[in-house]
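Take a look at the structure set out below.
The values are calculated or read from the model by the stated rules, or taken from the named source; none is laboratory data. Note that the structure is a prediction, hence the values are computed from the model and not measured. Positions of Cβ are generated from backbone atoms using ideal geometry, with glycine treated the same way; all protein chains shown enter the neighbour counts.
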Amino acid sequence: MQVVADDVFYSIYQYLGFGLIFAVICMIALPEVEHKGLKKCLIHQWHMLRTDKITRYKFAFFTILFMVLSRTLICRSIWQCPWENIIGEWGVFTSDGTLNTEGMLNVLLFVPLAYFGVLGFFQQDGLDKEILFNIVKTSFGFSCLIEICQLFLRVGTFQLSDIFQNTLGGFIGVAVWAMQQKIMKRGRKNMNTTLLIMAAGIGSRFGTGIKQLEPVDASNHIIMDYSIHDAIEAGFNHVVFIIRKDIEKEFKEVIGGRIASICSSHNVTVDYAFQDINDIPGTLPEGRTKPWGTGQAVLAAKDVIKTPFIVINADDYYGKEGFKAVHEYLVNGGKSCMAGFVLKNTLSDNGGVTRGICKMDEQNNLTEVVETKNIVKTATGAEADGVVVDVNSLVSMNMWGLTSDFLDVLEEGFQEFFEKEVPSNPLKAEYLIPIFIGELLEQGKMSVKVLKTNDTWYGMTYHEDVAAVKDSFKKMLENGVYKADLFSDL
């Protein structure tokens, strides 16, 4: 075994440097990479290596691929008779009784190649038998290609045993991945995740109070009930309400107490955080009455959030798909994501709306959110101030998936906001999450994955929207999307 270990370490030592260079070239050559000059490509790839695990998997795959090619083809001597031992050595020991180190290395080289191949280029989440078969089949085909090249280029020897050993290595690599998926799935069931509901301004949209919140079904459920149902169904097991202290009593009477009772029966905990206009890193400007925005609202919950979390608005309906996608992304180790809604599924029949249209790279990483005002429906789609807008573009509806580490960054940003923005606009400056995240993206300090959802978003932008929203919930109940006894299917 010492001989095998020495051989492996020698291969790493001999080929690693060139393997890393080869990996860089391959990463730049990938079709999803935008080619805007070598320097920008390298900077972008370095950023992706630091922030995106899929990029790291691909980089590792290409590095190992070069090592395999170097050992089997590139750095081999010319053989006059490459078919002299076609059968090869199949066992642990060779025919003369010595350890078959060459065969062991054939297996070992393909283990990480298959493992990082499946992580980098195939579906990463969930155990799929088709993936296992495809990887083993690819390992077999790749090994056959190597042996054929050895035969016709006269480098090394053509051996059937090599094909078997390489394929076995590929099988072991994908088996390791499969076991990892099972372990992760078991761990995901026990992982804590938080639903953070921004409810400090609830009931104020049409100048009404909490008691006058418009129910959306015959059972007097409000939109927030459906959001909490969908979050629990997706796997979130902690709910945090961000409210104002002055509405605490009324909120708990109308909403909080009822939700807490439902949550406790499903092993979901409930906490409260209070947004306070005086909770700032400085002195409150004289005459300031306007809340500081969504960034400060989320910071109010910093002490009660210790897990990955999703942020939503209290009075918007997001659908089931977004909650499931964000939860799956977070429990699989993702750091930052956003549910991207199809624009046509977020428009109002009663007037223009403002939407943040997402720009993304080929890997669905958010690059920019372009705020577009007065988007109205037309006979052929939509337009904003006479300019046609693609109704199939993805937009942000402020459904963010983040980790507790982000709260430290958000807090630092609030300090900077207070020092730089507030002095010039003390009465109206707002610290908004989309704008702050946009700044981090621009500075290359954050990477956000956009998760497309085809669900329809419902909000009550106009008073006339209420009837349409109620009708939509009625149809969803009739179609079995939800039960009349809303939480009975959890």
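Computed values, structure above
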item	result
Residue satisfying condition, being in a strand (DSSP E or B) and charged (D, E, K, R), within set E371, E416, E412	E371
Answer from L394, L410 - the residue that is of a type in the set (A, V, I, L, M) and touching a Lys or Arg at 6+ places or on another chain (Cβ under 7 Å)	L394
Top-ranked residue in the range 415-435 [being surrounded by fewer than 20 Cβ atoms within 10 Å (Cβ to Cβ) and touching a Gly at 6+ places or on another chain (Cβ under 7 Å); ranked as farthest from K324 (Cα to Cα)]	L427
Number of the condition not met by G235 [criteria: (1) on the phi > 0 side of the Ramachandran plot; (2) surrounded by 20 or more Cβ atoms within 10 Å (Cβ to Cβ)]	(2)
Filter result (of a type in the set (A, V, I, L, M, F, W, C) and either surrounded by 11 or more Cβ atoms within 10 Å (Cβ to Cβ) or part of a strand (DSSP E or B) (or both)) within the range 375-399	I375, V376, A382, A384, V387, V388, V389, V391, L394, V395, M397, M399
Residue within the range 244-254 that is at pLDDT below 95, farther than 23 Å from K483 by Cα and part of a loop (DSSP other than H, G, I, E, B) present	yes
Residues of the range 457-481 satisfying the condition of being buried (at least 17 other Cβ atoms within 10 Å of the Cβ), at pLDDT 90 or above and not in a helix (DSSP H, G or I)	W457, Y458
Odd one out for V118, checked against (1) farther than 21 Å from E147 by Cα; (2) in contact with a Gly (Cβ under 8 Å, 6 or more places away or on another chain); (3) outside any helix (DSSP H, G or I)	(3)
Selected residue [within 17 Å of L299 (Cα to Cα) and not β-branched (V, I, T)] from E421, E411, E383, E439	E411
Given (1) part of a loop (DSSP other than H, G, I, E, B); (2) buried (at least 17 other Cβ atoms within 10 Å of the Cβ), number of the condition V136 does not satisfy	(1)
Candidate set: the range 435-490, residues that are hydroxyl-bearing (S, T, Y) and more than 14 Å from M397 (Cα to Cα); chosen: the one farthest from the chain's Cα centre (by Cα)	Y462
Matching entry among S404, S348 (being of a type outside the set (A, V, I, L, M), modelled with pLDDT under 95 and touching an Asp or Glu at 6+ places or on another chain (Cβ under 7 Å))	S348
Number of the condition not met by V174 [criteria: (1) out of contact with any Lys or Arg (no Cβ under 9 Å at 6 or more places or on another chain); (2) surrounded by fewer than 16 Cβ atoms within 10 Å (Cβ to Cβ); (3) modelled with pLDDT of 85 or more]	(2)
